[in-house]
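I have placed the structure first, in the form of structure tokens, so that the comments after it can refer back to it.
Bear in mind that the values in this text are calculations on the coordinates, not laboratory data. Just so it is clear, the model here is predicted, and its values are computed rather than measured. Reconstructed Cβ throughout: ideal geometry from the backbone, glycine too, with neighbour counts over all protein chains shown.
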2 protein chains.
Amino acid sequence: MPVNLVAPDPKSLLPVAGVALGVTQANIRKPDRKDLLVIRLDDGANVAGVFTQNRFCAAPVVVTRQHLSMLDPNASIRALVVNTGNANAGTGKDGLAHARQTCTELAHLLGCTAVQVLPFSTGVIMEPLPVERIAAGLPACLADLRADNWLNAAQAIMTTDTLPKAVSSQVKVGGATVTLTGIAKGAGMIHPNMATMLGFVATDARVSLPLLKSAVAHAAKNSFNCITVDGDTSTNDAFMLIASGKAGMNELTDARSPDFIALRDAVTQVARQLAQSIVRDGEGATKFISIRVEGGRSEDECRKIGFAIAHSPLVKTAFFASDPNLGRILAAIGYAGVADLDVEKLDLYLDDVLVARHGGRNPAYREADGQRVMKQSEITIRAVLNRGTASVTLWTCDLSHDYVSINADYRS
Amino acid sequence: MPVNLVAPDPKSLLPVAGVALGVTQANIRKPDRKDLLVIRLDDGANVAGVFTQNRFCAAPVVVTRQHLSMLDPNASIRALVVNTGNANAGTGKDGLAHARQTCTELAHLLGCTAVQVLPFSTGVIMEPLPVERIAAGLPACLADLRADNWLNAAQAIMTTDTLPKAVSSQVKVGGATVTLTGIAKGAGMIHPNMATMLGFVATDARVSLPLLKSAVAHAAKNSFNCITVDGDTSTNDAFMLIASGKAGMNELTDARSPDFIALRDAVTQVARQLAQSIVRDGEGATKFISIRVEGGRSEDECRKIGFAIAHSPLVKTAFFASDPNLGRILAAIGYAGVADLDVEKLDLYLDDVLVARHGGRNPAYREADGQRVMKQSEITIRAVLNRGTASVTLWTCDLSHDYVSINADYRS
């Protein structure tokens, strides 16, 4: 059961002008489920992305990066194609050929070049991609293309997700009301390092490519790069930002303009909601945990400490048990790798409860207070380092029996 | 159920001349169990240790380090005192006072100075040490002092361990047969960084203090620092090496002498058996997994890759399920943080089965072969980087439902 997460209301998901989506059942791994998605873009869209830092980068990530860098400045990306059920990772040269073949097949159907198509895959690693099933499914995707198809698209990219993840918003930019709609998938192997498993956000805003790249990097850093379920960075992470340019506005080209900042922040907000949805739907999650580390010398050290807490199996199982065994949080802070950390300055809060002061148990702390907070489904851990002004906020979930069950059974 | 681990046969545990051990039930946390141990040393022993790198270093670790550094060169350590049930970590100034008070009480009973006593604690973090119960239990420990009391000692330091861990060996050094006997405890919060939760090895060999320090560092690096259960580095890790000097031999003073190398290797072997016992008894463990990373440019990069595999919850749950979902191993190698790793050179073996070649699935690999190995209770993962000559071997266990149960219920 996800933590305080419901399926998106289809009516809340707004079409984005210039963007159509089509899905089908291609039987890639399991029957009777949508598993193939095409996002078709009208001519003239800009597309930017951030990708996994895993050295075993999946074939589709390699090809997507190549196509973005090879694209003729006078051409534009015309489609993204996404399959679930198979990650096409750890598949060597055959995997690259299969990812390219997918693009070629779709380009043929759309009347564009293969470079104008970006491929994405998610699912089991190190198994051959059934490219012929994908090719066979593409015409059905194109027949299904609709602007109001976001919810089906979100469903078609799920793996162990229990609910689809999608969100829309609107913001005033350059005198126009622009729309943003995004989808994401992910529930395990979640410790994005540049992006999550898969996230796609589209807007009809007109934005230059350099600004779009800056917006996607900013949004990823403050959303998908702040979450973790199990500390495993996927081979297939990709977060893509599409700007169709169909809104009636001048192109944004000044990175310091209030209009661009407003758009960038709206993208970040959408990405953050999607990222938090992934944590809420984290494999086996029963609690949504925000970790705020503040008073650090640098954002980097705050991140190290936050992720040490977020990745500790002992902290995560204590939260699952609603047991305020909070010394485990101190231990995780201590081994986070901040070599000169002065633990005697550290204060630790659980929501509003001051648990540890000056690095030791707060004499006024009562177990009953910790217990009260631990029983909640949403909890904030706040570590105050008292040595600087940097801070970060991360989001994670607990570690439950169901996490083990899901990952022990995933392929069967 | 531990993996291929049985309780040590008491007759296999050899007394070490100059070393006596006594235990009692001090009711530190739970009734009806031995929870306090005194290891008394005859005058003239040398003692060296390695300790946790966690910044939240427990009070007894701070005090043990201080006492070792403050010791008068003409005096020697006369006792080690170890309690289970309470880690005396995250306890601030009170914790330091309690650790010192424990030493003072025992020194008073033994007729030595407090600096000649080293304190150790293991158990729950951030709860006040019930020092008065420890003090009250010390006379019973002294009344119980015996040279052949190693098994009781191993039992008295257990926390979530299901079996005591102890081993003896003998080796010819300097014309004499010297004896080594060691005990250790640990089952969770195991990712030692200098030592495990607690390990004590005693020998009757005569070794100079500088050589003893070098031997304990060498042994820790090749034993306790090669294991992980859950990646959580404890606040209380300590591995102590005691040389009573009672064997009829000249003192070892030359670090390059074959006699010292023989002793050092015997210590390492004992430490390695204890360390592997900890993994075999890892919380919820059903499989014992050796991870060998070879062909690396440096030992450091081999360790990074080995620990990334060993810590991945996805790899660990796949092993629990006996599911050869081996792409998860590639993914872990990819995010291990070796920035210039050329994944196309990597070969991956599961025991004798070549799973991946040149970074991709081996065309000759059959799922049935992976399945056969995965069903074993002891499995070796071998990653061959093909870029250098460095190698490491690490040991870990799988992640099961019982790990979650044990750590969700630990304090209750």
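Tabulated results
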quantity	calculated
Residue order, fewest to most surrounding Cβ atoms within 10 angstrom, among A:259, B:340	B:340, A:259
Positive-end residue of A:153, A:180, A:134, charge dipole of the stretch A:130-195 with Cβ unit charges	A:180
Order by protection proxy (mean Cβ within 10 Å, highest first), peptides A:113-119, A:356-362	A:113-119, A:356-362
Ratio Rg/Rh [Cα only; Rh per Kirkwood] for the stretch B:1-115	0.99
Approximate spin-label separation residue A:339-residue A:209, in nm, with each point projected 7 Å along Cα-to-Cβ	4.2
Simple label model, 7 Å out from Cα along Cβ direction - residue B:74 to residue A:368, nm	5.9
Considering only the stretch A:274-412, percent of DSSP beta bridges that pair antiparallel, nearest 5	70
Rounded to 5, the percent of DSSP beta bridges in chain A classed as antiparallel	70
Ordering of B:158-164, A:268-274 by packing [mean C-beta count within 10 Å, highest first]	A:268-274, B:158-164
Average projected area [Cα convex hull, the stretch A:293-412], square nanometres	7.7
Surface/4 of the Cα convex hull for the protein assembly as shown, nm²	34.3
Residue (of B:308, B:406, B:339) at the positive-pole extreme of the stretch B:288-409, dipole from beta-carbon charges	B:339
Within 10 Å of each Cβ in B:395-408, the average number of Cβ atoms from other chains	5
Options A:354, A:392, A:376, ranked by Cα towards positive dipole end of the stretch A:288-409, top entry (Cβ charges)	A:354
Percentage relative contact order, chain A, counting C-alpha pairs under 8 Å, at least six apart	18
For residue B:30, label point 7 Å along C-beta direction: distances to other copies, nm	4.0
Centroid-to-centroid separation of the stretch A:298-342 and the stretch A:45-113 [C-alpha atoms, Å]	38
Volume of the Cα convex hull of the stretch A:1-52, divided per residue and given in Å³	188
Student exercise, the stretch A:109-229 dipole from Lys, Arg, Asp, Glu Cβ charges, in Debye to nearest 20	400
Peptide A:362-372 - average C-beta neighbours from other chains (10 Å radius)	1
For the protein assembly as shown, share of DSSP beta bridges that run antiparallel, in % to the nearest 5	70
Dimensions in Å of the stretch B:10-280 - Rg and Dmax from alpha carbons	16.7, 49
Length gained when the stretch residue A:104-residue A:377 is fully extended (0.36 nm per residue, less Cα-Cα span)	93.6 nm
Value of relative contact order over the stretch A:288-409, rounded to a whole percent, pairs C-alpha under 8 Å and six or more apart	46
Ranked list, fewest to most other Cβ atoms within 10 Å of each Cβ, for B:28, B:183, B:305	B:28, B:305, B:183
At R0 = 56 Å, FRET efficiency that the Cβ-Cβ distance of residue A:261 and residue B:32 yields, to 0.05	0.30
Helix-only [θ]222 nm of chain B, DSSP H runs n ≥ 4, -39500 (n - 2.57) each, per residue, nearest 500	-10000 deg cm²/dmol
Other protein chain Cβ atoms within 10 Å, averaged over every residue that makes up B:225-233	4
